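Engineer: Dropping the structure in here first, questions after.
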Ligand code: RNT
Ligand code: ZN
């Protein structure tokens, strides 16, 4: 068990150390507490959802691998799992829900017919937990997505079906935002693409743009709902051509004033999203980030505290547009305890934000403007070993969640008492 007295002492020393380089730790912690991270519901059940009992995701280029026991199979189980994860994560955060996680009370409703009613219990639950919500139409795991095409499908009937789904989701998103008093970001990602070389690269993109324009036709109050669009490089079964590529959505988001969603694993393996933030933000009303980890490819591993995560957090903080950057997580690992996956990934995101907030931003910028790259490098390297971990542990105590690795014992207990009893 963490020794609270030691944590307090280490914090006081760390505070002094940071003050020496001109960083106000208390101010950093106050700012950190105001940055929500949107927890993706789909880590809890391997992107299954609750449309039909025991549904497994297939197609769409999303694949959770592993069969660690105890995945959530009902809405109540998933909620309890998320509550458990949240009790181990400092701060107040958000829930990011996919439309296929609807609460239809045992009566199947198709995607184009969903209404607020099917999400009211989620909104009530979020309200009770003091959380805002974000939302996603689900354009995969459905017979009408089986061709690998949805909003860009050549068949008008299929396209229409998915347009109706998109329209329904936006309305639900706006209602979530209104009821919770916190803007919902509703993010569109479609899997549309070809396995092999297409004969026509233009037509599907025109159809996708038209479908999106139809979905976004109605003006909704931007205090309630903001629309985001998410690009992708490729998917399994869509290796040769993705309709909604990065360039497609960058152009679309800029011209339609939509949020662009940058998913960390949707680029070439050495291409990084942290450099894109400052490049695209001046032209956009905002960004949605899907923080994830690519291991050799679009693998959606649990985010770890690696250089890429630290750089993403740095750029969020340095952007000066914190309010316009919505931080969401997007990973799914079915080979480890799913609650631990949420806790590790989310705590890492928050740690990275803390490390970024503890940078002596003005000093660093000054050295850079004076072309003193030697000093810039010296400072950046020194920062790596400054006692941010002491500040982190203190922050956990301040927010009444376990410091150090104490959360792990609670996950083990939950696994023993709850998860291991699920069949
Ligand atoms: C898929 C996208 C998308 C999904 C979720 C489940 O490649 O990253 O964001 O992961 O919608
Ligand atoms: Zn994503």
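Engineer: When only alpha-carbon atoms are used, what values of Rg and Dmax, in angstrom, describe the range 235-279?
Structural biologist: 11.5, 32
Engineer: Same structure again: So what are the three principal axis dimensions of the range 98-160 from its Cα atoms, in whole Å, longest to shortest?
Structural biologist: The principal-axis extents, from largest down, are 43, 24, 16 Å.
Engineer: With 10 angstrom as the radius, rank 131, 1 by how many other C-beta atoms surround their C-beta, starting from the fewest.
Structural biologist: 1, 131
Engineer: Rank 389, 341, 64 by mean-square fluctuation in a GNM of the chain with C-alpha springs under 10 angstrom and give only the top-ranked residue.
Structural biologist: Of 389, 341, 64, the Gaussian network model singles out 389 as fluctuating most.
Engineer: When 305, 386, 32, 288 are ordered from fewest to most other Cβ atoms inside 10 Å of their Cβ, what list results?
Structural biologist: Fewest-to-most Cβ neighbours within 10 Å comes out as 305, 386, 32, 288.
Engineer: Next question. How big is the Kirkwood radius of the range 276-394, worked out from every pair of different alpha carbons and given in Å to one decimal?
Structural biologist: About 15.8 Å, per the Kirkwood formula over Cα pairs.
Engineer: How far, in nm, would the chain grow between residue 398 and residue 68 when pulled straight, counting 0.36 nm per residue and subtracting the alpha carbon separation?
Structural biologist: 115.5 nm
Engineer: So what is the 222 nm mean residue ellipticity for the chain from helices alone, if each DSSP H run of at least 4 adds -39500 (n - 2.57) and you divide by all residues, rounding to the nearest 500 deg cm²/dmol?
Structural biologist: One gets -13500 deg cm²/dmol as the mean residue ellipticity at 222 nm.
Engineer: Something else now. Spin-label point model (7 Å from Cα, Cβ direction): what's the residue 197 to residue 4 distance in nm?
Structural biologist: Between residue 197 and residue 4, the label points sit 6.8 nm apart.
Engineer: Sort the range 185-289 into rounded, prolate or oblate with this rule: let a ≥ b ≥ c be the square roots of the eigenvalues of the Cα gyration tensor; rounded if a/c is under 1.5, and if a/c is not under 1.5, prolate when a/b is larger than b/c, oblate otherwise.
Structural biologist: Here the range 185-289 falls in the oblate category.
Engineer: Could I ask something else about it? How would you rank 368, 404, going from fewest to most other Cβ atoms within 10 Å of each one's own Cβ?
Structural biologist: 368, 404
Engineer: I've got another one for you. At q = 0.23 Å⁻¹, what base-10 log of I(q)/I(0) does the Debye formula yield for the range 359-423 when every alpha carbon is treated as an equal point scatterer in vacuo?
Structural biologist: Those come out to -0.92, one per q.
Engineer: On a 0 to 90 degree scale, rounded to 10, what angle separates helix 388-398 from the longest Cα axis of the chain?
Structural biologist: Rounded to the nearest ten degrees, it is 70.
Engineer: Between residue 255 and residue 418, what FRET efficiency comes out of the Förster formula 1/(1 + (r/R0)^6) with R0 = 45 Å and r the beta carbon distance, rounded to 0.05?
Structural biologist: 0.40
Engineer: Further question on the same structure: Return one number: the angle in degrees, 0 to 90 and rounded to the nearest 10, between the long axis of the Cα atoms of helix 156-180 and the longest principal axis of the Cα atoms of the chain.
Structural biologist: 40 degrees
Engineer: A follow-up question, please. Given a 10 angstrom Cα cut-off, can you work out which residue in 256, 338, 405 is the most mobile in a GNM of the chain?
Structural biologist: 405
Engineer: Computed over the Cα atoms of the chain, what is the convex hull's projected area averaged over all directions, in nm²?
Structural biologist: Mean projected area of the Cα convex hull: 20.7 nm².
Engineer: May I ask for the equivalent-ellipsoid semi-axes of the range 284-342, computed as the square root of five times each C-alpha gyration tensor eigenvalue and listed largest first in whole Å?
Structural biologist: 24, 12, 11
Engineer: For the chain, take the longest principal axis of its alpha carbons; what is the angle in degrees between that and the long axis of helix 246-256, to the nearest 10 within 0 to 90?
Structural biologist: That works out to roughly 90 degrees.
Engineer: Considering only 381, 218, 239, give the residue with the highest GNM mean-square fluctuation for the chain, with springs between Cα atoms whenever their separation is below 10 Å.
Structural biologist: 381
Engineer: Based on the alpha-carbon gyration tensor of the range 98-241, what equivalent-ellipsoid semi-axes (square roots of 5 times the eigenvalues) come out, in whole Å, largest first?
Structural biologist: Computed over the range 98-241, the values are 29, 16, 13 Å.
Since every read-out is calculated from the coordinates, none of them should be taken as a lab result. Predicted, not measured: the structure shown is a model, and the values here were computed from it. Cβ sites come from the backbone with ideal geometry, for glycine too, and all protein chains shown count toward neighbours.
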